[in-house]
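Single-structure report; data block below.
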Amino acid sequence: MYNGNMRASNNWVDYSIIASGGGEKLEKWGAVYLLRPDPQAIWKPKFDLSGFRMMHGKYTRSQSGGGAWEFYKSLPKEWVINYGKLKFLISPTNFKHTGLFPEQAVNWDKMAELINGQNIRVLNLFGYTGGATVACASASANVTHVDSSRGMMDVCKRNVELNGIPEDRVRYIVDDCMKFVLREIRRGKTYDAIIMDPPSFGRGANGEVWKIEEHLDPLVHECVKLLSDEPLFFLVNSYTTGLQPTVIKNILATNLGDEYTFGIDAFEVGLPTHEGIVLPAGCSAMAVFGRKGGRR
């Protein structure tokens, strides 16, 4: 779905947002209904979301930080949902997440369309549980998946196995993203496509501090040095409230400079709801080079 500067996937079958408002969203993950906080949903809900009779669980934030799940019905520790031919493990975590960001489906589709069976090299930074990695590898790309969390890396490996992707198509690296990028530059490595989905704030494998306002631009600057002579795309996602798509577009444009021929598409990312609205869920910017483009 394209609506002005908003991209929202309408191809989900196993996932949907039933209702939203009051700082929450009521979601259906396969056969499981969950209520989670959402800071963007500040409008009044059409009904009491907490009173939804089919709900399996609710995540409530604590005033002292963090939060916890309260489950009303039994549910498996984990289960599988499908997006087209792709399969993903779902499991509620202590940080309110479920192991997948479904709004990224619009970017999975675009990347798969661009890859289109080509045997390209993709670098996925802050790869989490591998949504983008699975999408790209399923489209025939060879992916280097980098994340500082060994637990998330283990889930990514299982998602890759779940989709029947050959073992040698994905390389798994548990490391700080900047440190890995600098090491790859020294090794003379190159990639045809780069994806990054950085948090607003985080810590690396050895306690390195990440702040998106301070560190995104320097990371993109270094990543440009890893692009091959004929790159395909460079995608940056952000969930940071207040960070506009144009900011990410400007970071890509100023760092790519005059060395490449490219176009940049910058947009909000969201999810349609049963209420007939779109719930915003961050933004993305993608530089597309084309296989016949690349370096000037």
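Read-outs: derived from the displayed coordinates by stated rules, not from any lab. Predicted model only: the values in this text are computed from it and were never measured. Here Cβ is always computed from backbone atoms with ideal geometry, including for glycine, and neighbour counts include all displayed protein chains.
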The range 98-295: antiparallel bridges as % of DSSP beta bridges, rounded to 5, reads 50
From the cross-link list 28/225; 96/189; 25/225; 58/85, the entries with a Cα-Cα span beyond 32 Å are 28/225; 96/189; 25/225
Scaled by the rule-of-thumb 2.2 N^0.38 Å, the alpha carbon Rg for the range 115-183 gives a ratio of 1.02
For the chain (alpha-carbon point model, no solvent) the Debye-based log₁₀ I(q)/I(0) at q = 0.07, 0.09, 0.11, 0.16 Å⁻¹ works out to -0.26, -0.43, -0.65, -1.40
Here the range 186-193 yields Karplus 3J(HN,Hα) values (6.51, -1.76, 1.60; θ = phi - 60°; whole Hz; Gly and Pro given as x) of 4, 7, x, 6, 9, 9, 8, 8
Here, GluC sites (Glu not before Pro) of the range 206-272 satisfying both criteria (DSSP loop; at most 15 other Cβ within 10 Å) are 208, 259
Whole-Å distance linking the alpha carbon centroid of the range 206-252 with that of the range 169-199 is 13
If 108, 69 are placed from fewest to most neighbouring beta carbons inside 10 Å, the sequence is 69, 108
Contact order relative to length for the chain, counting C-alpha pairs under 8 Å separated by 6 or more residues, stands in percent at 16
Sequence order, the range 122-134: Karplus ³J(HN,Hα) from phi using 6.51 cos²θ - 1.76 cosθ + 1.60, θ = phi - 60°, Hz rounded, Gly and Pro as x, gives 10, 10, 10, 9, 6, x, 6, 8, x, x, 5, 4, 4
Out of 108, 278, 29 - ranked by how far each Cα lies towards the positive end of the dipole of the chain, with unit charges on the beta-carbon of charged residues - the top one is 29
Dividing the mean separation of Cα pairs under 8 Å (6+ apart) by the residue count of the range 2-77 yields a relative contact order in percent of 21
Ranked by GNM mean-square fluctuation in the chain (Cα springs under 10 Å), the top entry among 81, 42, 248 is 42
Ranked on Cβ counts within 10 Å of their own Cβ, fewest leading, 178, 153 go 178, 153
By the C-alpha gyration tensor axes a ≥ b ≥ c (rounded if a/c is under 1.5, else prolate when a/b exceeds b/c, else oblate), the shape of the range 1-134 is prolate
hull vol. (C-alpha, convex hull) per residue for the range 2-77, Å³ -> 130
